[in-house]
Amino acid sequence: MKRFSATQNFTVLSDLMRLFSDADEIVYRSFCDLEPDEIATLCRDARRLASHVRLRNPGRKMTDIVRDYGVSVRREEWETPGILFFAECEMSPPLIRLNTGTISALAGLMRLWAPESDLHWFSDETISEVATAHELSHILDPARSPKTRELHAHAFAREATGLPFSPLLYDDLLQRMSKGSEPFRR
Ligand SMILES: [Zn+2]
């Protein structure tokens, strides 16, 4: 199974965006060892759940929607040595913690690197929305197996927010950032 790594040749942002803009069923083949039918099932489940959430809440922000599910959202900044992540959730009581340090670090970097036409997808607000949706999927579907949990949450977040690429792109960019080198050229 081939895997992408941060050190591979995807040095141009537009190449990365094209790669992660494929359907999740295609993107995920490079990120896990699941069989295609298992990937298809988890993507279908995630999209169905996200569609329900969107249909019930047209035009509303995820950070508002989650409150209807009894989930509080807290914005704070914390560091975990060696790992960068956007958010985490707690179950009882349901709470989503958005890591403002990581979110604004990525948004700040992308203001330098992303073309004007794509900046919206890398704003503080959009990254926060996607991270909130990701954590909501963990809260709505807590019994999911460790093997499919993260991919399900990414597919849910993509569908729930209308992001035109897989949120795995954000993780890829974070990895590049954490390596401390110039992540890519335009
Ligand atoms: Zn997660």
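Please verify whether T126 is in contact with a helix residue (DSSP H, G or I) (Cβ under 8 Å, 6 or more places away or on another chain), of a type outside the set (D, E) and over 19 Å from G162 (Cβ atoms), treating the condition exactly as stated.
So T126 fails the test.
Could you check the stretch 61-106 and list, in sequence order, the residues that are in a strand (DSSP E or B), crowded, with 18+ Cβ neighbours inside 10 Å and either among the aliphatic types (A, V, I, L, M) or free of Cβ contacts under 8 Å to residues at least 12 places away in the same chain (or both)?
V73, A87, I96, L98
I'd like to know if the stretch 30-39 contains one or more residues that are within 27 Å of K179 (Cα to Cα) and part of a helix (DSSP H, G or I).
Checking the stretch 30-39: at least one residue is within 27 Å of K179 (Cα to Cα) and part of a helix (DSSP H, G or I).
In this structure, does L173 turn out to be surrounded by 21 or more Cβ atoms within 10 Å (Cβ to Cβ) and more than 10 Å from the ligand (Cβ to nearest atom)?
Yes.
Return yes or no: is T100 more than 15 Å from the ligand (Cβ to nearest atom), in contact with an Asp or Glu (Cβ under 8 Å, 6 or more places away or on another chain) and not small (G, A, S)?
In short, yes.
Criterion first (touching a helix residue (DSSP H, G or I) at 6+ places or on another chain (Cβ under 8 Å), at pLDDT 90 or above, closer than 19 Å to S51 by Cα and not in a helix (DSSP H, G or I)) does F156 satisfy it?
no
Applying the selection to the stretch 71-86, what residues are at pLDDT 95 or above and small (G, A, S)?
S72 - this is the single residue of the stretch 71-86 that is at pLDDT 95 or above and small (G, A, S).
Could you check how many residues of the stretch 128-147 are farther than 20 Å from A105 by Cα, part of a helix (DSSP H, G or I) and away from the ligand (no atom under 11 Å from the Cβ)?
Filtering the stretch 128-147 for residues farther than 20 Å from A105 by Cα gives 136-147.
Those left that are additionally part of a helix (DSSP H, G or I): 136-140, 146-147.
Among the residues that remain, those that are also away from the ligand (no atom under 11 Å from the Cβ) are: 140, 147.
Counting residues in the stretch 128-147 that are farther than 20 Å from A105 by Cα, part of a helix (DSSP H, G or I) and away from the ligand (no atom under 11 Å from the Cβ) gives 2.
The values are calculated or read from the model by the stated rules, or taken from the named source; none is laboratory data. As the structure is a prediction and not an experimental result, all values here were calculated from the model. A quick note on method: Cβ atoms are made from the backbone with ideal geometry, for glycine too, and the neighbour counts reach across all protein chains shown.
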